[in-house]
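Structure first, then comments.
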Amino acid sequence: MKAPMPTKTLARCRARTAGACAIGALAALFAAGMTFAADAPRVPVVNAKPEAHLPGKFIWFDCVTEDAYASKAFYGALFGWDFHSIGDGANRYTLISSQGRNIGGLHFHPRGNAQARGSRWISLMSVADPALAARYVEAHGGKVVVPPTPFAGRGTHALFRDDDGALFGVLKSDSGDPPDRPAAAGEFQWVDLFTHDPAKAAEFYRGLAAFEVSVKGVAPELVRVVLGTGGVARASLIALPKDVADSGWLPFVQVDDVAAAVRKAAALGGTVLLAPRADLLNGHVAVIADPHGGVLGVVNRAEAAKKGGAK
């Protein structure tokens, strides 16, 4: 039997993420996190020392989960991440760091009786002005899910849907953005957007963060519209198959050995949604789900680049 094409397989992986948690619950939790920050311990800054802003770069990644303890155990063992919790109860936020660098966080959200079991990752993009971004999103067919709201010491966050319904966040960090450099193992490396019309999506995001747009082939029948700023590729857009309804962003974590990471994820109770394949970045990319359904990609970009298959 012929293996399914990478586009459809990856898109179905992304669709699982889109259905893992109710959007309403995500929005409420995101807003609650902003509210408690005003009277809770200060949320750690993105950078330990001031850095330049890099609008268009995806700089922060949050996971909404019904079981923060299980999520910490899974991702700590898989990627070597460290965790530091702030607040308690419904206001608990857990900072994720990798080799001493802050990269994201876990939001705890208890599952209601009518909600499906699950977790979900949200990718946040740097923007120069979150309020201006919110006006742009509304004027171009998107939706403001959570309006721009400051976290003391962190910066200003907002949560949007684009004009195809994909959920994403923006952040203007008070300490600037992580500088451009090769991602170390355990750090977020890349993001893909699965969308019904990549050319239309490219225009939406170009206006949001002044992206440069180019087109690249990565695998047979897999073409990416690449978004970049300052000559640096930031993300790519991939066409959804017609029978996949939900668009959305899929973040990737850099690992030293993709095959080993996949085996470890499965041993820890995760699910392998897309195993390494020779026709996709020469076997240096895969997609997994944590035990609660949160979907992430794993990639070794350096190895893929050596063989001419870099993202």
R0 = 30 Å: FRET efficiency of SER214 with HIS140, Cβ-based, nearest 0.05?
0.90
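Cα-based Rg of the stretch 166-311 per 2.2 N^0.38 Å, rounded to two decimals? Display every interim value, and only then the final one.
Values: Rg = 15.4 Å, N = 146, 2.2 N^0.38 = 14.6 Å.
This ratio for the stretch 166-311 stands at 1.05.
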Least to most buried among TYR205, TYR136, by other C-beta atoms within 10 Å and fewest first, runs TYR136, TYR205
Which length gain, in nm to one decimal place, applies between ALA128 and HIS84 when the Cα-Cα distance is subtracted from 0.36 nm times their residue separation?
13.0 nm
Considering the zone a paramagnetic label at LYS306 would reach in this model (a point 7 Å from Cα along the Cα-to-Cβ line), which residues of the stretch 234-259 have amide N under 16 Å from it?
255-259
Can you give me the convex hull volume of the Cα atoms of the stretch 129-212, divided per residue and expressed in Å³?
119 Å³
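Only bridges whose two residues both fall in the stretch 233-311 count here: according to DSSP, what percent of them are antiparallel, nearest 5? Intermediate results must be reported in sequence, preceding the final value.
Working: 8 of 11 bridges.
Here the share of antiparallel DSSP bridges comes out near 75 percent.
Where a number appears in this text, it was derived from the coordinates with a stated rule and is not lab data. Here the structure is a predicted model, which is why all the values come from computation and not from measurement. Cβ sites come from the backbone with ideal geometry, for glycine too, and all protein chains shown count toward neighbours.
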